[in-house]
Amino acid sequence: MAVLPVVARALRAATAAYEVVDTVAVPLLRRCRGQHQRVFGAEAAIGRGGSDKGWYYGCKLLLAVAPLGVVTGFVLAPANMGDRWIADALLCWRADRQARPLEVADLPSPRRPNGTPYVGPTGPRWPACGAGARSAGGYLADKGFSGKWWQQHWR
């Protein structure tokens, strides 16, 4: 049994009118030289983020937080993965823990309107049990999660 939904219910966060979702950098190592460090395998990568938008080697943590500050779900991914792919895993696993989150092959077109290919998930997204329970309300996110196709997909 997952702990997050139980805690969220106990703190009355499970019935919130909305949840805020955003990613935060989780640096595991500082980037000194090179780009081929594989200390942590596919779970970590070189990415850019944090308050200083600097380079780091690590993961991205997507959090879903209720208005009272209670974390109701989370997903980890390599630092170089796009926020929407991580959010899709959270929403997918909240609906069905056994479901497979989207991959580039699942998109209606593998290319953007300007002809460049989409960059999909760059490594594993985990853990499905950390996603928490489906929200009673909506989600509030910044522009990093926008996109017409994504908004329609997530309805």
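Among the residues of the stretch 66-96, the one identified as under 11 Å from the mean Cα position of the chain (by Cα), part of a strand (DSSP E or B) and among the β-branched types (V, I, T) is V75. G73 satisfies every condition listed in (1) surrounded by 22 or more Cβ atoms within 10 Å (Cβ to Cβ); (2) at pLDDT below 90 except (2). Among the residues of the stretch 42-60, are any farther than 21 Å from P27 by Cα and assigned to a loop (DSSP other than H, G, I, E, B)? No; the residues of the stretch 42-60 include none that is farther than 21 Å from P27 by Cα and assigned to a loop (DSSP other than H, G, I, E, B). Name every residue in the stretch 100-155 that is under 25 Å from A17 (Cβ atoms), part of a loop (DSSP other than H, G, I, E, B) and of a type in the set (D, E, K, R), in order of residue number. Once the filter is applied, which keeps residues that are under 25 Å from A17 (Cβ atoms), part of a loop (DSSP other than H, G, I, E, B) and of a type in the set (D, E, K, R), the stretch 100-155 yields R134, D142, R155.
Looking at G120, G115, which one is more than 27 Å from L11 (Cα to Cα), surrounded by 15 or more Cβ atoms within 10 Å (Cβ to Cβ) and out of contact with any strand residue (DSSP E or B) (no Cβ under 9 Å at 6 or more places or on another chain)?
Details: G115 fails: surrounded by 15 or more Cβ atoms within 10 Å (Cβ to Cβ).
It is G120.
Look at G54 and say whether it is more than 17 Å from the chain's Cα centre (by Cα), exposed (fewer than 15 other Cβ atoms within 10 Å of the Cβ) and within 29 Å of R9 (Cβ to Cβ). Answer is no for this residue. Condition check for G144 on (1) more than 24 Å from A13 (Cβ to Cβ); (2) in contact (Cβ under 8 Å) with a residue 60 or more places away in the chain: one failure, at (1). Among residues belonging to the stretch 76-112 that are more than 26 Å from Y56 (Cβ to Cβ) and small (G, A, S), point out the one that is surrounded by the fewest Cβ atoms within 10 Å (Cβ to Cβ). Taking the candidates together, the pick is A105.
Listed by first and then second residue, the pairs with beta-carbon distance under 9 Å, at least 6 apart or on different chains, first residue in the stretch 80-107 and farther than 19 Å from S146 by Cβ and aliphatic (A, V, I, L, M), second part of a loop (DSSP other than H, G, I, E, B) and modelled with pLDDT under 95, are A95/R134; A105/G120.
The values are calculated or read from the model by the stated rules, or taken from the named source; none is laboratory data. This is a predicted model, so every value here is computed, not measured. Cβ atoms come from the backbone with ideal geometry, glycine included; neighbour counts cover every protein chain shown.
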